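Take a look at the structure set out below.
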Amino acid sequence: MKLLVSLLLCLCIPLAWATEANAPKLDIGKGGQCVRDPQWMRKNHMHLLIHQRDEAVRKGIRDEQISLKNCVECHASLKDDSVIAREDSFCAGCHRYEAVKIDCFECHASKRRVALVNKDEK
Amino acid sequence: MSDHDTQRRQFLKTSLGAAAVAIAPGMLLFDTAHGKTEADSSKVRWGMLIDTAQCKTGCNDCVTACNKENGLSGGTLPTDSQWMRKIDIKDISSGRETSLPMMCQHCEEPPCVDVCPTGASFKRADGIVLVDRHRCIGCRYCMMACPYKARSFVHEPLHDQKPDVPRGKGTVESCTLCVHRVDKGQQPACAQACPNKAILFGNLNDANSEIAQKLRSVASVQIRADMQLNPGIRYQGL
Amino acid sequence: MADLYALRSKNRLYYVLLAIAGLVVLAGLYAVHMMESHGHIITGMNNQIVWGLPHVFAIFLIVAASGVLNVASIGSVFGKAIYKARAPLASLLSIAMLAGGLTVLMLDLGRPDRIIVAATNFNLTSVFAWNVVLYSGMFSLVIIYLWTMMERRMNPWNKTAGLAVFAWRFILTTGTGLIFAFLTARQAYGSAILPPMFIVLSFAWGLAVFHVVQTVIYAWNEKTLDADILRRKKNLLGVFIIGSLYMVTIYHMTNLYFAHKSAFENFILRDGGVFPDMFWWGYIVIGNLLPLLLIYVPGLGKAKCVMAASLLVVLGALSLLYVFIIGGQAFPLDIFPGFEVKSTFGDGQIASYHPSIYEFLLGIGGLAIAFVITTVGVRVLDFMPHDKPYVAD
């Protein structure tokens, strides 16, 4: 038992080291605050999204403001219109840091509806 | 030392947060299951009346519009998704030929909903039959059960989906009656695209709606009516 | 010394066999990995043939897993001593095959990573969801049943556990049959005879698998099965084969009688190319007639013949399931009765199915899982049937 506990503790050491590295600098796209303050959103965005998801899919209650589409619209990078394309993309950057897999973008669009990038170039 | 401590605390907090993420969906689902009044009401039943006399053999406009609206490839390999297809039928005894679009018939008693093990297939209060892709495990039992072969399975990873129409590998999908458009008060893409206005979309439960009035005045049928599933898609001139 | 040498080489053979099976399991997992990363596009399955080879193997394993318990039931419920001695082995086989079959079914899902959803969201009207309960219940019940047999203090509960297993496996195979029986729209399925048909098929397939394993274990331990026991087992297998042949005949006869299903029967029994071949040669000749000859023709019916008969029954089972599952989907769904139809989505056309190596590996992987569980189980615990001096009962 002691052995097991010490082994588990040993496994934690690299994790503790990892936290000493700085939190990721994210490309927040247009940014701005439309739902709640950033700290609250960091902790709770998944609850909002899941709540909105079930309401929208099952009951047709579409709260555009807290929809995933709306998140992407503002937070997609101004460089490539995506929230997952690069290391520092808004969603991917933080989720990689926290080692939480995002399942959203296998199905959902990870780019904003009307590309800003192409427009700017033109 | 104290700096190290705060970092450690931060780390513990974030890991707790991650744990909460893992547990929260279940808790939250439980909350919303009871709860608010439905946005889509059962006073509404969306349906279509398709006038086969106006549907031309060889015309594929509704299918093309469907593919475009929903971001389907338009391919017709056996592994490609086809939410809507044109079927040419010929009466064996009389030789009469007809062409018509076929898609999810949005049954009142949908077999796909009955057989789905996880409840991913479901019927909204307004009669639209959908797949909740968050729950679909890809067992394909609904495809076996559907009498209209309306469903397709996504066989490959997809990219660049439409923001309004999420779709993904390993789940089953079918015509949504363009639910994202209907919720905005628009018509399904196919109904809008038909050059002959052969597809009439509307609320079957509203006696004053155009579709309800037309259903009262012309003869229409449901396909495989013998199965008594009461589909919301009706056909005229079959 | 020679004995020791023989023992060592046998030991080596054991590990070689286990390693081979392990490799087959790994190959199956590799196939799953490929299917996961590329999608089902790399299999032969498509929007017309939605269930393919993996389901043939999985359903065989699950049906046989239920049928093999027949051996145990005859012992525990009906109190026949020679079957009672075989109940532990039968239970082990049942667990092994159930595990193999379920693994295949689960890993063939489009989103196996979400399998937990099947437990958290439960649709009561779905026979698939019922089966989730039936399969997991079967696992636990059989394990408890084994416990009551192998732990002396639990022996008094043996009869109760045996009865529970007996009832449960009937319901389980009914559930498997119902998966198809509830598909009312399809000409091939949607028949109330399917659940009882699957139950009778399970008797024959389970006993055949049991006999194959028992023969191998006896040969491995250099023992010979008592001639009387062999005779009784052989006759039982014969009766089960005849029974299953009867059920399959009735299923096709009723379909032939219904005018709206006769086109399908013509396809599956006469015109469907590979399907009639597999049905008549694979199932009827190899899976039934040859085994019956091997069992009943005077002069035959020796240990080797019964072993061969059992193997043939297994082959026949796989052929029948192939015809039933894939042939049943290949025949076009009749959406417009009385009309000729054509479309871009295979309406009115026979669907084609070319299984790929991946789905084959997945299916075989399931068999290998069952093999590994059985061989390890037999090695570490005492599953060898211990016959008392034979008394007729």
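The values are calculated or read from the model by the stated rules, or taken from the named source; none is laboratory data. Bear in mind the structure is a predicted one, so any value in this text is a computation, not a measurement. Positions of Cβ are generated from backbone atoms using ideal geometry, with glycine treated the same way; all protein chains shown enter the neighbour counts. Side chains included, ligands, DNA and RNA excluded: accessible areas come from the protein's heavy atoms. Shrake-Rupley method; radii C 1.70, N 1.55, O 1.52, S 1.80 Å.
About its Cα centre, the range C:242-393 has a charge dipole of approximately 400 debye under the convention of +1 per Lys or Arg Cβ and -1 per Asp or Glu Cβ, with nothing else charged. Along chain C, counting only GluC sites (Glu not before Pro) with a DSSP assignment other than H, G, I, E or B and at most 13 other Cβ atoms inside a 10 Å radius, the longest segment between sites is C:223-393.
Summary of packing: across the peptides C:189-200, C:228-239, the per-residue average of other C-beta atoms within 10 Å ranks them, highest first, as C:189-200, C:228-239. Using Cβ point charges alone (K and R +1, D and E -1), the dipole size of the range C:208-258 about the Cα centre works out to roughly 60 debye.
Buried surface between chains B and C: roughly 4500 Å² of accessible area, summed over both sides, computed with a 1.4 Å probe on protein heavy atoms only. Reported to the nearest whole Å, the Cα centre-to-centre distance from the range B:138-189 to the range C:161-183 is 33. Across the accessible surface of chain C, with the other protein chains kept in place and a 1.4 Å probe, carbon and sulfur atoms take up 72 percent.
So if we plug the beta-carbon distance of residue C:259 and residue A:35 into 1/(1 + (r/R0)^6) with R0 = 60 Å, what FRET efficiency do we get, rounded to 0.05?
The calculated FRET efficiency here is 0.45.
At a threshold of 8 angstrom on Cα-Cα distance, excluding pairs fewer than six apart, so keeping six or more, what relative contact order does chain C reach in percent? Here the relative contact order equals 30 percent.
Treating only the Cβ of Lys, Arg, Asp and Glu as charged (+1, +1, -1, -1), what charge dipole size does the protein assembly as shown show about its Cα centre? Round to the nearest 20 debye.
So the magnitude is around 1120 debye.
Listed by chain and number, the lysines whose alpha-carbon sits under 20 Å from that of residue A:59, ignoring those within fewer than 8 places in the same chain, are A:69, B:36, B:43, B:123, B:184. Return the Rg/Rh ratio of chain C with Cα-based radii and a Kirkwood Rh. With Rg and the Kirkwood Rh in hand, the quotient comes to 0.98. Relative contact order of the range A:25-121: 31 percent, from C-alpha pairs under 8 Å at least 6 residues apart in sequence. For the range A:51-122 versus the range B:41-114, the spacing of their alpha-carbon centroids is 32 Å. For a straight C-alpha distance cut-off of 24 angstrom, the lysines reachable from residue B:56 (same-chain residues fewer than eight places away being disregarded) are B:68, B:86, B:90, B:149, B:197, B:214, C:342. Apolar share of the accessible surface for the range B:46-236: 47 percent from carbon plus sulfur atoms, 1.4 Å probe. Taking the charge dipole of the protein assembly as shown about its Cα centre, with +1 at Lys and Arg Cβ atoms and -1 at Asp and Glu Cβ atoms, the residue from B:82, A:31, C:236 reaching farthest to the positive side is C:236.
Here the range A:25-121 has 56 percent of its accessible surface on carbon and sulfur atoms, given a 1.4 Å probe and all protein chains in place. Note on B:105-118: average number of Cβ atoms from other chains within 10 Å of each residue's Cβ is 4. A 1.4 Å probe run over the protein chains yields, for the range B:46-236, 37 Å² of accessible area per residue, whole-number rounding.
For the range A:52-122, the percent of C-alpha pairs falling in each 5 Å distance bin, counted from 0 to the bin holding the largest distance, reads 3, 16, 22, 23, 17, 11, 5, 1, 0.
Using the Kirkwood radius built from alpha carbon pairs, what does the Stokes-Einstein equation give as D for the range C:36-83 at 37 °C and 0.692 mPa s, in µm² per second? Taking Rh from Cα pairs, D becomes 242 µm²/s.
Computed from Cα positions, the angle between helix C:87-107 and the longest principal axis of chain C comes to roughly 30 degrees.
The mean count of C-beta atoms from other chains within 10 Å of the C-beta of residues in B:95-102, rounded to a whole number, is 2. Among the GluC sites (Glu not before Pro) found in the range A:27-93, those both in a DSSP coil and sparsely packed, with 14 or fewer other Cβ atoms within 10 Å of their Cβ, are A:87.
Using only atoms on other chains, find how many Cβ atoms lie within 10 Å of each Cβ of peptide B:165-177 and report the average.
Working: counts 3, 10, 3, 9, 10, 12, 5, 3, 1, 0, 0, 0, 0.
Across the residues of B:165-177, the mean count of other-chain Cβ atoms within 10 Å is 4.
Convex hull volume of the C-alpha atoms in the protein assembly as shown, normalised per residue: 215 Å³.
For the pair A and B, the buried accessible area comes to roughly 2900 Å² in total, with a 1.4 Å probe and the value rounded to the nearest 100.
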